[in-house]
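The values are calculated or read from the model by the stated rules, or taken from the named source; none is laboratory data. What you are looking at is a predicted structure, and each value in this text was computed from that prediction instead of being measured. Virtual Cβ from ideal backbone geometry, glycine too; neighbours counted across all protein chains shown. Only protein heavy atoms, including side chains, enter the accessible area calculation; ligands, DNA and RNA are left aside. Shrake-Rupley method; radii C 1.70, N 1.55, O 1.52, S 1.80 Å.
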Amino acid sequence: MADVPRSTSASASRATRNDVARLAGVSPAVVSYVVNGTKKVSPDTEARVRDAIEKLGYRPNPSARALRLGSTEMLGMVVPTSINPYFAQLAHEVELAAARRGYLLLTSSSDGSIESERRHLEHLTTRLVDGIFLCSNVFEPDLRGLEHSNIPVVLLNHSAGVPARNSIGVDLVQGARLAVEHLAGHGYEEIGLAIGRTSGDEEDGREIGWRETLEELGLEPGPIARGAFSPDGGYEAMRRLLQRGRVPRALFVSSDQMGRGVLKAAHEAGVRVPEDLAIVSFDGSVDAAYSWPTLTSVAQPLTEMAAAAVEALLDHTGDPVHRIMPPHLVVGASCGC
């Protein structure tokens, strides 16, 4: 009967760092240097260690490593939805920023549910992550379950500061100003708003910026239509404007996802963009670049937001801070440029 290699799953689970060290002819500490990359060893020594690891099927014990380091080297992130390209891009940027610091990112979606958001936070806590990024649908999320965990939390994609919490967001008011000024610069005097519904009583900064900028320009506010922050929400908002007979000459749309829905409803109704209706949306996501016509969009600086969030989570030791970042306009074809 042939010998069974040591690398079968049954034996691999029993292989230890000491086993690898004996087979490679090195100390257990050298095995740790190679596995963790914490110290340089000679190429010949590293080759022997890696060969022994492969022959034995050795896998480091993450729990033991976490106890030794006092860190799981994992961060958690909760987003409202994983199918919105904006949040997918933001999570990707956070993952890259975390990886540069040697951390793995675990991402989960609350599907817009406050109860699901709370549950995901609790699950991340039980996994002893070293910190959590929370993109919440509510202004002041329920973080009571984290009070005794000592796990730091950064509110990401949060446009207003929350007491006792670090937060990172974009200047929504300034973003709306960029959009309205750009449309007004084309000569459009009636500029409407298609805006997503908020979950609380607070007014969205994009609506504030839209209204304030129109007032400063001496223009009357155009019609408003509300819907969900989704293609369906934008579609229904545009349909309502059509049904009222109140389609303005220009429209600021509060997200690229809504912008897609607005475009679909406009196309179905024979409203030409930008000839009959000029549009500027918000987010600067892949949705804007691959819509037809391409959406002129106020882009959020996702790379900078992600880097700032990781820094706030891992390095900040003083009083909580709220960092608000400037957006910028990415010109497409939907505005008439």
Please indicate, with yes or no, whether at least one residue in the stretch 19-31 is open to solvent by 70 Å² or more (accessible area, probe 1.4 Å) and modelled with pLDDT of 80 or more.
yes
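I'd like to verify a number: residues in the stretch 109-121 that are open to solvent by 90 Å² or more (accessible area, probe 1.4 Å) and in a helix (DSSP H, G or I), how many?
Number satisfying all stated conditions: 2.
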Please indicate, with yes or no, whether at least one residue in the stretch 151-159 is out of contact with any helix residue (DSSP H, G or I) (no Cβ under 8 Å at 6 or more places or on another chain), assigned to a helix (DSSP H, G or I) and crowded, with 21+ Cβ neighbours inside 10 Å.
no
Selection from the stretch 122-137 of residues that are open to solvent by less than 70 Å² (accessible area, probe 1.4 Å), part of a helix (DSSP H, G or I) and more than 13 Å from Val79 (Cβ to Cβ)
Thr125
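Out of all the residues in the stretch 241-252, is one or more in contact with a helix residue (DSSP H, G or I) (Cβ under 6 Å, 6 or more places away or on another chain) and of a type outside the set (A, V, I, L, M, F, W, C)? Don't jump to the end; show me each part of the working.
Step one: list which residues in the stretch 241-252 are in contact with a helix residue (DSSP H, G or I) (Cβ under 6 Å, 6 or more places away or on another chain), which gives 247, 250, 252.
Next cut, of a type outside the set (A, V, I, L, M, F, W, C) only: none.
No, because not a single residue in the stretch 241-252 is in contact with a helix residue (DSSP H, G or I) (Cβ under 6 Å, 6 or more places away or on another chain) and of a type outside the set (A, V, I, L, M, F, W, C).
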Can you tell me which of (1) part of a loop (DSSP other than H, G, I, E, B); (2) in contact with a strand residue (DSSP E or B) (Cβ under 8 Å, 6 or more places away or on another chain) is the one Glu140 doesn't meet?
(2)
